[in-house]
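Nothing in this text is a laboratory measurement; each read-out follows from the coordinates by a stated rule. This structure is a prediction, so every number in the text was calculated from the model and none was measured. All Cβ positions, even for glycine, are placed from backbone atoms using ideal geometry, and neighbour counts span all protein chains on display.
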Amino acid sequence: MHKVFIIEDDTIIGDMLSMYLSEEGYAVQRTESGREALAILEHYNPDIVLLDIVLPDVSGIQLCGELRKRSTVPILVISMKTDVMDRVNALHAGADDYLCKPFSMRELSAKIAAMIRRTYYNRQMRALEPENVPAVSRIFLNFDKRSLYVNGQQVDTTFSEFEIMKLFIANPGKVYSREELINAVRGFDSFVNDRAIDVHIGNLRKKIEEDSKQPKYIKTVWGVGYKFMNI
C-alpha cells in the first residue's frame with residue numbers, strides 16, 4: 001500500500017483529501033502544521049507528499065525546500081495561488097508538480113498515480129542497470145540511490161531533475177524539445193508547462209556546470225529545446 005503524506009491546514013479540504021485517497025487504497029497521514037511535518041517525515045517515509053504552500057506556522061515554500069533537503073520523495077504542491085511566479089518559486093524550492101485549487105479529485109488521483117508509478121518503475125529497473133552509470137568524466141548517476149554525482153560528490157536532485165538527467169545521459173547529443181521532456185518526466189496524464197522544464201534545466205545547470213551561465217553540458221538549442229553534451 002502506497003503512503004501519502006498530506007500537509008494541509010484547511011480542515012475541510014484535508015479531511016476530504018484523506019477520505020478520498022483512503023478510499024482509493026492509499027495509506028494516509030496528515031498534519032496541519034509545517035513544523036510537525038518535518039518530524040513526521042523522519043519516521044513516516046511516504047511515497048508522495050501533498051503540500052499546501054499557505055500554512056499558519058511556516059512558509060510553504062520554505063517548508064518545501066526543507067523537505068527536499070531531507071528526502072527525494074515526490075512533492076505535489078496544492079494551492080489556491082495561481083500566479084506563474086508561485087509555481088516557479090515552488091519548483092525552485094524542490095516541488096515536482098503544482099496543482100491549483102479547486103481541482104478535480106480524478107486529476108489529483110492521476111497525478112499521484114503517475115508520480116508514484118514513475119518512482120517504482122525506476123526501482124524495478126535498478127536490477128537491470130549497473131550501480132554506477134558513467135556519463136562523462138565528472139558526472140554519473142547512481143540508480144540504486146537515485147543520486148547524481150559531480151566530481152565524485154553527491155548532488156541532491158528532485159524527482160524530475162533526476163529523470164531529466166537520466167534521459168540526457170542515456171542519449172548524449174540528442175536534442176529534446178520541451179514537450180518531449182515533459183512527457184518523459186510526467187507521463188501523458190500529468191500536466192506541467194514549458195516554464196517548469198526551463199526551471200528544472202536551470203536548477204540542473206547550477207548543480208553540474210562550472211558556470212551555469214555558460215553551460216558546457218546542458219546546451220540550449222534555440223527554438224527547439226535542450227541537449228546534453230558528452231564532453
Quiz item: What nm value, rounded to one decimal, do you get for the distance between V88 and M229 when each label is placed 7 Å out toward the C-beta?
Solution: 2.6
Exercise. Using only Cα atoms, find the angle between the long axis of helix 159-170 and the longest principal axis of the chain, and express it within 0 to 90 degrees, rounded to the nearest 10.
Key: 20
Quiz item: What does the charge dipole of segment 3-123 about its Cα centre add up to, to the nearest 20 debye, if the Cβ of each Lys and Arg holds +1 and the Cβ of each Asp and Glu holds -1?
Solution: 560
Exercise. Measure nothing but the geometry: give the 0 to 90° angle between the long axis through the Cα atoms of 11-23 and the longest principal axis through the Cα atoms of the chain, rounded to 10°.
Key: 70
Exercise. Pull up all non-local amide H partners of D97: gap of 5 or more, or a different chain, and H-to-H distance under 5 Å with H placed in the peptide plane.
Key: I75, V77
Quiz item: Mean separation of Cα pairs under 8 Å and 6+ residues apart, divided by the residue count of the chain: what relative contact order is that in percent?
Solution: 14
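Magnitude of the Cβ-charge dipole of the chain, K/R +1 and D/E -1, about the Cα centre, nearest 20 debye?
1020
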Practice problem: Compute the semi-axes of the equivalent ellipsoid of the chain, taking the square root of 5 times each eigenvalue of the Cα gyration tensor, and list them largest first in whole Å. | Solution: 30, 19, 17
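For the chain, give me the percentage of DSSP beta bridges that are antiparallel, rounded to the nearest 5 percent.
50
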Quiz prompt | Prolate/oblate/rounded call for segment 3-123, Cα gyration tensor, a/c under 1.5 rounded | solution = rounded
Quiz prompt | Estimated distance in nm for a label pair at S109 and K219, the labels positioned 7 Å out from Cα along Cα-to-Cβ | solution = 4.6
Quiz item: Can you sort F5, F140, F168 by how many other beta carbons sit within 10 Å, fewest first?
Solution: F140, F5, F168
Quiz item: Can you list residues whose amide H is under 5 Å from S147's amide H, if they're 5+ apart or on another chain and H is modeled 1.01 Å from N?
Solution: N142
